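Data block below; observations after.
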Amino acid sequence: MPSLVEYIAQAQRGITGRVFGPEYLMKQNYLTVDTATGIFNTTYGRKIWHALNNQTKFFNATPRVVWGNIAGWRVRTDRGSGRTRPISETGSLPTVDISNIATVSSLPKIVGTTFGASVKSIFVAQMEGGAGDVLAMELENSQIDHIKGINEQLLAGSAYLVSTGAATTFTVPASIANHFKIGDSVGMHDESAGAFDRTAGSVVSAVNTGTGVVTVATGTAFADGDVAFIHRREGFTSIDDVVSRDYAAANNTGPGASAAQARAYDLTLGGRTAGTWNALAGSGNPYNAGVGRDLILSLIDNGFRDIRINGGEPKLILIGHDQYFRLERLLNTVQRYVGQEEYQVGVGNERTFPGTRTGLVCASYQGIPILTEPDMPRSVDLNDVVLGSNIFILDMDYIETAIAQPTQYIENRDYFAVGALVVRGLFYTMGEMRVKNIWVQSKIADLNE
């Protein structure tokens, strides 16, 4: 005759589970308290496990510096013509022609992450069956969410094809709608008129990531096939803003067949020559007119070539997991089995996947480290279908995250000021990503998944 302890142990192992039923030994909660927040529920253990990808590899790999006493910088974009030429014995001196100097304005942006809990939920969560210290749990999670949010902003796409539109709304694929943030200034490329309009979309007031509908304050009606582009970020500037081709003509850029890449780094209003300011001007078209294509090694090689032609040196390949495995298969077909030792490459605070020097598993390509980033922006084809992730080839010597104010934490327990019995917390960071030389950065888009 088994003891009670043995009998219960057998029941828990499922041997006699049908006697008690699958939930007999599980604590049942029939007193539903504060179900709106889900704090007091059936006990499964107080530790909250993440079901989310919280990796922030690009943010970790980007050097962080003190902002300093600077509101921007000047860029020499042209040598001047005829300044240097042979001079005959009695010939005239070269014509005087000065350099073309453009300015880049870079001011700090503020990013905030909030959380809160009612006094009632704080009390109830400490009871048996609760989640424990709600404020401590939310404090920990908000720290993670704050850095994750900055990382997503650093990798947000800059322009997307519109499927439907109206006077104050337009629709993009729901999976990439979060690339538009409240406060961003959105313009439009009118496909039917072939014209760019920075004022058409005005400022984003709401984003529905479930339906892909983006609401703007005022503007001319978007239509199917138009392109919504972000020309000023309320938050951190995205690397896609920097690396995309500038003010490119229709059918020569992406995502989609025609997009106006008029962003914070587009200086056409200040005299900058359209479409000639960065590495993409020399590397041919990094897009494929909104048509998906498979990754081939020559696309990456061309990016290396043109960055070096422009005086830089590739330091990092930033890639999504889908393109990572495509690249692995490409290298696998041409590898030479001369050694199998594994190695990793460090980039900032991150390290690549372990790889072998034969290329069987990618850690680097041509000596350039490869980082896989889950938040990589994606292209959209002409049928509004989201394609695979883009690839960035970057010279990290010229990229930095400048911090004006390090991340601060503020907590408010003044119930009268809040007008409710709640405790609220706020993390905020003041800073901006700065790219001192955008000629030596490159991108590959319109890739199949």
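Computed from the coordinates by the stated procedures, all read-outs in this text should not be read as laboratory data. Nothing here was measured: the structure is a model prediction, and the numbers come from that model. Glycine also receives a Cβ, built like all others from the backbone with ideal geometry; neighbour counts cover every protein chain displayed.
Some observations on this one:
- Distance in nm between pseudo-label sites at Val291 and Leu382 (7 Å out along the Cβ direction from Cα): 0.7 nm
- As a rough guide to protection, the peptides 395-402, 431-438 ranked by mean Cβ packing within 10 Å, highest first, stand as 431-438, 395-402.
- Put simply, when 439-448, 79-88, 312-321, 297-306 are sorted by average Cβ atoms within 10 angstrom per residue, most first, you get 439-448, 312-321, 297-306, 79-88.
- Sequence ranges 171-177, 67-73, ranked by mean other-Cβ count within 10 angstrom, highest first: 171-177, 67-73
- Whole-Å semi-axes of the range 364-449's equivalent ellipsoid (Cα gyration tensor): 39, 22, 12
- Remark: C-alpha extents of the range 38-172 on the principal axes read 98, 43, 24 Å, sorted largest to smallest.
- Dimensionless Rg ratio for the range 98-199, taking C-alpha atoms and the 2.2 N^0.38 Å reference: 1.68
- Set Lys120/Lys148; Lys57/Lys436; Lys148/Lys181; Lys57/Lys120 screened for pairs whose C-alpha atoms are more than 26 Å apart: Lys120/Lys148; Lys57/Lys120
- Gained length - Val66 relative to Ile101, 0.36 nm times residue gap less alpha-carbon distance: 10.0 nm
- Here each label is just a point 7 Å from Cα along the line to Cβ, and for Val119 and Ala166 those points are 4.3 nm apart.
- For the pair Gln126 and Asn332 in one chain, pulling the backbone fully straight at 0.36 nm per residue adds 68.7 nm over the alpha carbon distance.
- Along principal axes, Cα extents of the range 58-104, largest first, whole Å: 59, 22, 13
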